[in-house]
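To keep things clear, I will list the structure first and then write my remarks on it.
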Amino acid sequence: MKDKSNGYDNIAELYARHRTTTGSAKVRAWAQSFAKGAVILDLGCGTGIPVTKILLEAGLKVYAVDASAKMVAAFQDNFPDVPVECESVEESQFLNFKYDGIISIGVIFLLEEAAQRSLIAKMAAALHADGKLLFTAPLQKVAWQDVMTAQNSRSLGAEEYKKLLLAAGLSGVEEFEDEGGNHYFSGI
């Protein structure tokens, strides 16, 4: 049976101890682009720190998904009033609803190529007409073994991600990096 958490359930405590706030300024700026009360889906929420915490501090209503049962348990301890589901991001039932924004930090590149393509289309379809999407993936097309989980990871590369965003109906596609060199893709 495939581990839908891509190895993160096995290292949940280690991940939580070593998760940094790198990228928080970028997430905060994105969160502040929404009106208070906007509804956001956090795909691959982990423990909720720092991303969900930032979204809540911005006055947003958050729904969250993570495939790691241990991460979801920690998330529920951190944010008991935020709806969270333990399921793979690509199969999440939360994608059947509409959101003002969807954010996915450190997740897309954990998926197989076909699953990444499908998830980007699903995320775009789950946005309101003026909804915003933000996710991270390496700029280059590259495959590697994750240091913490020893699982395979892969980036489709910036050119392919931009094509997928445009094909999914998103406009205003932008790219930027945070202070740690993490690459972000966004679209409306």
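Structural remarks
- When restricted to residues that are aliphatic (A, V, I, L, M) and at pLDDT below 95, the stretch 140-166 contains 3.
Per-residue answers, yes or no, for (1) within 14 Å of the chain's Cα centre (by Cα); (2) under 24 Å from Gly172 (Cβ atoms); (3) surrounded by 18 or more Cβ atoms within 10 Å (Cβ to Cβ):
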site: Thr22; (1), (2), (3): no, no, no
site: Ala25; (1), (2), (3): no, yes, no
site: Phe34; (1), (2), (3): no, yes, yes
site: Pro80; (1), (2), (3): no, no, no
site: Gln116; (1), (2), (3): yes, yes, yes
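- Qualifying residue in the stretch 2-20 (condition: within 22 Å of Tyr184 (Cβ to Cβ) and part of a helix (DSSP H, G or I)): yes
- Considering (1) modelled with pLDDT of 95 or more; (2) open to solvent by 20 Å² or more (accessible area, probe 1.4 Å); (3) within 23 Å of Thr47 (Cβ to Cβ); (4) not in a strand (DSSP E or B), the lone condition that Met123 does not fulfil carries the number (2).
- Checking Glu85 against (1) within 20 Å of Ala125 (Cβ to Cβ); (2) in contact (Cβ under 8 Å) with a residue 24 or more places away in the chain; (3) open to solvent by 30 Å² or more (accessible area, probe 1.4 Å), the condition it does not meet: (2)
- Among residues of the stretch 137-188 being under 19 Å from Thr21 (Cα atoms), in contact (Cβ under 8 Å) with a residue 24 or more places away in the chain and not in a strand (DSSP E or B), the one that is nearest to the chain's Cα centre (by Cα) is Ala137.
The values are calculated or read from the model by the stated rules, or taken from the named source; none is laboratory data. Predicted, not measured: the structure shown is a model, and the values here were computed from it. Note: ideal-geometry Cβ built from the backbone for every residue, glycine included; neighbour counts use all protein chains shown. Heavy atoms of the whole protein, side chains included, go into the accessibility calculation; ligands, DNA and RNA do not. Shrake-Rupley method; radii C 1.70, N 1.55, O 1.52, S 1.80 Å.
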